[in-house]
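Structure record follows, encoded as structure tokens.
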Amino acid sequence: MAEHSPCTARGETPLQRADRNFVELLQELRVTQTGVQILFAFLLSLAFTSRFPSLDSVQRFTYVSTLLLAVLAAALFTAPAALHRSLFQQGAKPRIVQVSSRLATTGLIVLVFAFSGSVLLVVDVTTGRAGGIAAGAATFLVCVGLWGVLPRLVRRAGLRGAVNGGCEEPEPAVEEAASQDTLRIPAPRREGASRREVPLRRR
């Protein structure tokens, strides 16, 4: 696991950190699973509407592809729970967190295409092929921007702030360091002269 600087470390053991990361991952999956469930239910009901038989071959292909992508996304998002249940109490929690994180990331990538395909299908049926392609492309760009580009920008800004300001201890001033290395001893007393201190550097 990556090392943390003292100012950001939580004082956790590797197992405690794995437990916390897995709980946070499950919270994220609850949010994404809700969207997948709504999309999947919409796509299933679409096949039983009265207008479905009038779809052309391209629209049917888009529908089937989007439905399969939604199923794949749902499977990827539920895989961490199955993985945890299969390896429960076997001392594999850090590995479970690592694999589950990759599954969730892959699920988000698949969900981008599922969202884009569903928007493409609906707008294509309602307004036309050109409008559907434009709406699907716009949905794809928005999801990629919010789910992919934005986290990278936030991370880059956080790293830049840690380098510029951060929580590093300021280095002591040069004068302070010099004063600590200087030893003052009294000079020999001369008649008519006041007592002086002569700086002597420590070796």
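The values are calculated or read from the model by the stated rules, or taken from the named source; none is laboratory data. Computed from a predicted model, the values in this text were never measured in an experiment. For neighbour counting, all protein chains shown are included, and Cβ atoms are generated from backbone atoms with ideal geometry for every residue, glycine included. Accessible surface areas use protein heavy atoms only, side chains included; no ligands, DNA or RNA. Shrake-Rupley method; radii C 1.70, N 1.55, O 1.52, S 1.80 Å.
A simple rule links phi to the HN-Hα coupling: the Karplus curve 6.51 cos²θ - 1.76 cosθ + 1.60 with θ = phi - 60°, which for segment 40-49 gives 5, 5, 4, 5, 5, 6, 5, 5, 9, 7 Hz, with x for Gly and Pro. Modelled this way, with points 7 Å down the Cα-to-C-beta line, the labels at T13 and A134 are 6.0 nm from one another.
A 1.4 Å probe run over segment 1-149, with the rest of the protein chains in place, finds 60 Å² accessible per residue.
Spin-label pair D56-S101: with each label point 7 Å from Cα along the Cα-Cβ axis, the two points sit 4.6 nm from one another.
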